[in-house]
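The values are calculated or read from the model by the stated rules, or taken from the named source; none is laboratory data. No experiment lies behind these values; they were computed from the predicted model shown. Every residue, glycine as well, gets a Cβ built from its backbone with ideal geometry; the counts of neighbours run over all protein chains shown.
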């Protein structure tokens, strides 16, 4: 059978790629033949993730970068293109969700930090890499957002707003860089990963979603592979709710 998700010869950059859904997607793309650029704030974690990908027989670049700091993003892009010559798929996965007990307790610093990582950084990477993709004739961008954007909780208001903003600019980038570059978003619900280990069992048992459980990592991997592959050639500017039918 034809492997619809074959990524042989592709180069994929995953932010927040050393843990959680980012690492699962990085491994998923590598399993389909892609070479991977792993970036997150902690270089040692990136190196460990890159080593795991290289053990799968793929090339990998580890690059430490805080996506909330624009002055580091040019260096990330230059390192990626310097190592591989191109980026075929960008996965904007990095995110933070700091909480406060009430809106009154939200500080300007906390709001700025939340927007920097969840909105400003992905926006800038879409611009930096999307423009290069368009000039090269094609590519795919996947923004990982959150169902918090449509189901906001008071203690995570700025996070929800930042992810909602990323949903919106997904469409604007699709229009700006199309038809060569497709830009979509995965609006993820709760998932069973190492990052969620403090609450995942309880959330899984008490889920009120249509499937009565939280997501498993392979379920985000297949969605990312679809959006990155030519099989989704008519899908762009779209936000896919990957939440098991969350209420």
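Right, residue 21: modelled with pLDDT under 95, within 18 Å of residue 92 (Cβ to Cβ) and crowded, with 23+ Cβ neighbours inside 10 Å or not?
yes
Scan the range 66-79 and give yes if some residue there is closer than 24 Å to residue 232 by Cβ, touching a residue at least 40 places away in the same chain (Cβ under 8 Å) and within 14 Å of the chain's Cα centre (by Cα), otherwise no.
Checked against the condition, which is being closer than 24 Å to residue 232 by Cβ, touching a residue at least 40 places away in the same chain (Cβ under 8 Å) and within 14 Å of the chain's Cα centre (by Cα), the range 66-79 yields no hits at all.
Residues checked against (1) closer than 30 Å to residue 7 by Cα; (2) modelled with pLDDT under 95; (3) in a helix (DSSP H, G or I); (4) in contact with a helix residue (DSSP H, G or I) (Cβ under 9 Å, 6 or more places away or on another chain):
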site	(1), (2), (3), (4)
141	yes, no, no, yes
148	no, yes, yes, yes
164	yes, no, yes, yes
167	yes, no, yes, yes
170	yes, no, yes, yes
174	yes, no, yes, no
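Check the range 178-192 and report whether any residue there is touching a residue at least 60 places away in the same chain (Cβ under 8 Å), touching a helix residue (DSSP H, G or I) at 6+ places or on another chain (Cβ under 9 Å), farther than 18 Å from residue 141 by Cβ and not in a helix (DSSP H, G or I).
yes
Restricting the search to the range 46-69, which residues are out of contact with any strand residue (DSSP E or B) (no Cβ under 6 Å at 6 or more places or on another chain) and either over 22 Å from residue 122 (Cα atoms) or surrounded by 18 or more Cβ atoms within 10 Å (Cβ to Cβ) (or both)?
Of everything in the range 46-69, those that are out of contact with any strand residue (DSSP E or B) (no Cβ under 6 Å at 6 or more places or on another chain) and either over 22 Å from residue 122 (Cα atoms) or surrounded by 18 or more Cβ atoms within 10 Å (Cβ to Cβ) (or both) turn out to be 48, 51, 52, 55, 56, 57, 64, 66, 68.
Taking the criterion of being at pLDDT below 95, surrounded by fewer than 17 Cβ atoms within 10 Å (Cβ to Cβ) and under 29 Å from residue 190 (Cβ atoms), would at least one residue in the range 83-96 satisfy it?
Yes: one or more hits.
Could you run through the range 208-240 and say how many residues are outside any helix (DSSP H, G or I), modelled with pLDDT under 95 and surrounded by fewer than 20 Cβ atoms within 10 Å (Cβ to Cβ)?
7
As an exercise: evaluate residue 119 against (1) in contact with a strand residue (DSSP E or B) (Cβ under 8 Å, 6 or more places away or on another chain); (2) over 16 Å from residue 20 (Cβ atoms); (3) assigned to a helix (DSSP H, G or I) and give the number of the one condition it does not meet.
(1)
Would you pick out the residues in the range 151-172 that are touching a strand residue (DSSP E or B) at 6+ places or on another chain (Cβ under 9 Å) and touching a residue at least 60 places away in the same chain (Cβ under 8 Å)?
Of everything in the range 151-172, those that are touching a strand residue (DSSP E or B) at 6+ places or on another chain (Cβ under 9 Å) and touching a residue at least 60 places away in the same chain (Cβ under 8 Å) turn out to be 159, 163, 166, 167, 170, 171.
So residue 104 passes all but one of these: (1) modelled with pLDDT of 95 or more; (2) out of contact with any strand residue (DSSP E or B) (no Cβ under 9 Å at 6 or more places or on another chain); (3) closer than 19 Å to residue 158 by Cβ; (4) in a helix (DSSP H, G or I). Which condition number does it fail?
(1)
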